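What follows is one structure encoded as structure tokens, with my remarks underneath.
The values are calculated or read from the model by the stated rules, or taken from the named source; none is laboratory data. Values in this document were obtained by computation on a predicted structure and should not be read as measured data. Don't worry about glycine lacking a Cβ; one is built from the backbone with ideal geometry, like all the others, and counts go over all protein chains shown. Just so you know, the surface numbers come from the protein's heavy atoms only, side chains and all, with ligands and any DNA or RNA stripped out. Shrake-Rupley method; radii C 1.70, N 1.55, O 1.52, S 1.80 Å.
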Amino acid sequence: MKISEIFHSIQGEGSLVGVPSVFVRTSGCNLRCVWCDTPYTSWNPEGVEMALSEIVSAVEAYQCGHVVLTGGEPMIAPQTAALTELFHERGWHITIETAGTVHHAVQCDLMSISPKLENSTPHERDGGRWAIMHERLRYQPEVLKKLTGNYEYQLKFVLSSPGDLGEVRKMQEAIGAPAHRVLLMPEGVTRALMAERGVWLAEICKQHGYRFSPRLHIDIWGDKRGV
Ligand code: SF4
């Protein structure tokens, strides 16, 4: 399995924010978000092939009860289901962070789904050559219904401007998710930009009953790898 990095940190986003967790980051993604904060797993995928037993040993070394399988897009890696079985056998709490475009039977305690909005489409980057594929794949309502129907879940949306709200509401309605399952995060990889966007985002959360999610790892460490 191609792994970009394995590290011990605290969960920075979503309902488990602050929980010490080991992150296993797979390399490779079927999307190309223009603002992707892990381009080393999507635009320029890097990593090393690791056996499942090596991955489990690396996680085990931290003696931590929470493991987060993230990416890239972990749901496209062929051995994801088998890896989650090994995690489950050890009794670890498993979060899978996914964009929600692919469904497989996996072991998962929290499906953390982050459907991508139009603000993610790379219209200009690389001459726009990824834009059509990204637009075609990024929103898969039937997959989202399956994921939310089969697993404990949260829906995390990344907003760049207040105008993104309409798309969030449309997706929420199509999926049939209650507001308390929806978390909104400001797009940005600097503290200053997230603080600025957090002001209008908090108002949206108050109006619609959504939950505001910080990106605590950026608040603490900034835009760095392995945190
Ligand atoms: S889905 Fe995630 S990893 Fe893939 S391009 Fe978008 S932000 Fe990057």
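For the reader, a short list of remarks on this structure follows.
- Inside region 150-168, residues that are open to solvent by less than 10 Å² (accessible area, probe 1.4 Å) and assigned to a helix (DSSP H, G or I) make up a count of 1.
- SER120 meets all of the listed conditions (1) in contact with a helix residue (DSSP H, G or I) (Cβ under 9 Å, 6 or more places away or on another chain); (2) farther than 26 Å from LEU165 by Cβ; (3) among the small types (Gly, Ala, Ser) but one, namely (2).
- Every condition in (1) aromatic (Phe, Trp, Tyr); (2) within 15 Å of the ligand (Cβ to nearest atom); (3) crowded, with 21+ Cβ neighbours inside 10 Å holds for PHE87 except the one numbered (2).
- Within region 203-218, the set of residues being modelled with pLDDT of 95 or more and not in a helix (DSSP H, G or I) comprises GLY209, TYR210, ARG211, PHE212, SER213.
- Just one residue in the set GLY198, GLY209, GLY163, GLY127 is small (Gly, Ala, Ser), in contact with a Pro (Cβ under 6 Å, 6 or more places away or on another chain) and over 26 Å from PRO74 (Cα atoms); that residue is GLY198.
- Candidate set: region 21-58, residues that are within 16 Å of the ligand (Cβ to nearest atom) and of a type in the set (Val, Ile, Thr); chosen: the one most open to solvent (accessible area, probe 1.4 Å): VAL34
- Looking across region 108-125, the residues that are open to solvent by less than 10 Å² (accessible area, probe 1.4 Å) and within 25 Å of LEU86 (Cβ to Cβ) come down to MET111, SER112, ILE113.
- Residues within region 1-52 that are in contact (Cβ under 8 Å) with a residue 60 or more places away in the chain and assigned to a strand (DSSP E or B), tallied: 7
- For first residues located in region 126-142 and closer than 13 Å to CYS33 by Cα, partners that are open to solvent by 40 Å² or more (accessible area, probe 1.4 Å) and lie 6+ apart or on another chain with Cβ distances below 7 Å form the pairs ALA131/HIS123.
- Top-ranked residue in region 59-79 [being in contact with a strand residue (DSSP E or B) (Cβ under 7 Å, 6 or more places away or on another chain), more than 9 Å from the ligand (Cβ to nearest atom) and closer than 20 Å to ILE113 by Cα; ranked as most open to solvent (accessible area, probe 1.4 Å)]: HIS66
- For region 204-213, filtered to residues that are out of contact with any helix residue (DSSP H, G or I) (no Cβ under 8 Å at 6 or more places or on another chain) and within 17 Å of GLN154 (Cα to Cα), the residue that is surrounded by the fewest Cβ atoms within 10 Å (Cβ to Cβ) is CYS205.
- Flag for MET185 being within 14 Å of the ligand (Cβ to nearest atom), within 28 Å of LEU69 (Cβ to Cβ) and assigned to a helix (DSSP H, G or I): no
- Test: residue in region 126-147 that is touching a Phe, Trp or Tyr at 6+ places or on another chain (Cβ under 6 Å) and of a type in the set (A, V, I, L, M, F, W, C): no
- Residue in region 127-139 that is open to solvent by 20 Å² or more (accessible area, probe 1.4 Å), acidic (Asp, Glu) and closer than 27 Å to TRP43 by Cα present: yes
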